[in-house]
Structure formats: structure tokens, C-alpha cells
Amino acid sequence: MVPSPQLDPTVAGLAGLIDRLDPGARGMALTHSSWVEERIESYERLAFIGDSVLGLSVATRLYERFGDLDAGQLTKIHNQAVSGVSCASVGLLLGVPGMLLSHQPTTGRGWISAETLLAGERPLPEVTEALIGACYEAFGFEEMSKPVADAFESRIALAAETRIDFKSALQELLARRGSQVTYEVIRESGPPHALTFEVAAVVDGKQIGAGAGRSKKTAEQSAAEQALEGFEA
């Protein structure tokens, strides 16, 4: 299948690889754990490896492009470029919501609808990572790296331009308003060696943002980024 011409050109390469996936591999990358009897048959394992493939692809691009930045500066850009918010943004460009909606089961009991999943914070970025993981298994890192980095190019550019520490930026904004933010872990999922943390940014007892990440610090940055986007909206 040829990628749709309406696709953002930065994601066309990755979209083309997704289109070339074997139906079984693509299907697993789009399968929520509530849709199958065994959790291992869901997209979670593919999301785990996809997260690492995404991280290395973007890290390689940053290392090659920004020879004048030290490790700390590269890390800040990297964390922003591969955050849950970034994965969700790329997932929208790829049409992941439509893929998930078309793949949801039509029979059975107890499964969570795609609409409900997409209303949450985690499924869209996780399915995006799972599709990356499926492509990695099918085509290998050498063929995957450039299309993945290209798909995240706009997020890399934004991160390089702003180099924002979202937590600091949010606290500075709130301080001018006489408020302070705290971060609460609201969920942990996955095996002990590969936990995913979901964190809420809370102000005066009200959640103003949420994010997920493989570490609490990454999840907090993602939650702060979403909170800042809410203030800008």
C-alpha cells in the first residue's frame, strides 16, 4: 500500500513501513490487552522494544547533528523529543487513532473500546511505539532508524529550539500566579524490569496535566508539558 499523499511528508517513510507489515504483526501492534485472553498477545511487548528503537533513532540523529552540545543538553532535547506528548503527536500524523478504531473487536465481553482508550493519556503513544517495534522486528534497525527519526523531526526541531525544562517552566508560570505544582504517580504498569509510570501534575488538588514514561522523571516532564499546553490553549 502506498502512503496517503495527505500524510505529513515527515512521517511518510515510517507510514510506508507500517503499510508493509505482515497483517499479523500490524494486528498485534494495534491490540489492547483487554482485547485478548493473554496479556502477552497485546501490543505491550512491541511498545517496550519500540520505545528503545525510538530512543536510539532520535539519539543517533541528535548526536550526529549537534556536535557542539554536551551530554546534558542532548539529554534534555532527547527527553522532550521522545516524550509521550511527542509520540501522541506523531501517532496522530500517522493516523493511529483510525488504525486502532478499525482493529477493535466486534464481539466478546469485557473489552475496552478504542474510543475509550483514545480518550486516555497512554494508549496513543504506546500504540505508536508498538508500531515502531513491529517495524523494527520486520525490517531491522538500519532500515528503521532514518524513517523513525524523520517522523519525529518536528518534535526534535521544537526541542532543539526551545530546550525547555517543562517542569521548571511550569513552576515559574505557576509561581507568578501564587500556586505550586506537585507530581503524583497515579499508575505503574508493566514488568518490574520495564515499568511504565503515569504521573499527574496537580495544582490545588486539581489535575492539570498527565504523562507517562519509562522513568518518573520522564513522566513528570511529559505531565508538565501537557499542563503548559493547557495554559496556552
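The values are calculated or read from the model by the stated rules, or taken from the named source; none is laboratory data. Note that the structure is a prediction, hence the values are computed from the model and not measured. FYI the Cβ positions are ideal-geometry reconstructions off the backbone, even for glycines, and counts take in every protein chain you see. Ligands, DNA and RNA are stripped out before the accessible areas are found, and what is left, the full protein with its side chains, is counted by its heavy atoms. Shrake-Rupley method; radii C 1.70, N 1.55, O 1.52, S 1.80 Å.
The set of residues in segment 1-22 being out of contact with any Asp or Glu (no Cβ under 8 Å at 6 or more places or on another chain), at pLDDT 95 or above and either closer than 13 Å to GLY133 by Cβ or open to solvent by 40 Å² or more (accessible area, probe 1.4 Å) (or both) consists of ILE18, ASP19, ARG20, LEU21, ASP22. Residues that are open to solvent by less than 20 Å² (accessible area, probe 1.4 Å), more than 16 Å from TYR136 (Cβ to Cβ) and not β-branched (Val, Ile, Thr) within segment 31-59 comprise just one, SER42.
Scanning segment 86-109 finds no residues that are buried (at least 23 other Cβ atoms within 10 Å of the Cβ), under 17 Å from SER42 (Cβ atoms) and of a type in the set (Ser, Thr, Tyr).
Flag not set for GLY67, criterion: under 15 Å from the mean Cα position of the chain (by Cα) and over 21 Å from ARG109 (Cβ atoms). The set of residues in segment 26-50 being touching a strand residue (DSSP E or B) at 6+ places or on another chain (Cβ under 9 Å) and either small (Gly, Ala, Ser) or more than 30 Å from ARG109 (Cβ to Cβ) (or both) consists of ALA47 alone. Residue count for segment 196-220 under the criterion of being open to solvent by 50 Å² or more (accessible area, probe 1.4 Å) and either among the aromatic types (Phe, Trp, Tyr) or outside any strand (DSSP E or B) (or both): the result is 5. Look through segment 221-233, keep the residues that are without any contact (Cβ under 8 Å) to a residue 60 or more places away in the chain and closer than 13 Å to ASN79 by Cα, and return whichever of them is surrounded by the fewest Cβ atoms within 10 Å (Cβ to Cβ). Among residues in segment 221-233 that are without any contact (Cβ under 8 Å) to a residue 60 or more places away in the chain and closer than 13 Å to ASN79 by Cα, the one surrounded by the fewest Cβ atoms within 10 Å (Cβ to Cβ) is ALA224.
Specify which of the listed residues (ALA159, ALA138) is open to solvent by less than 50 Å² (accessible area, probe 1.4 Å), among the aliphatic types (A, V, I, L, M) and either without any contact (Cβ under 8 Å) to a residue 24 or more places away in the chain or at negative phi (or both). Just one listed residue meets the conditions, ALA159.
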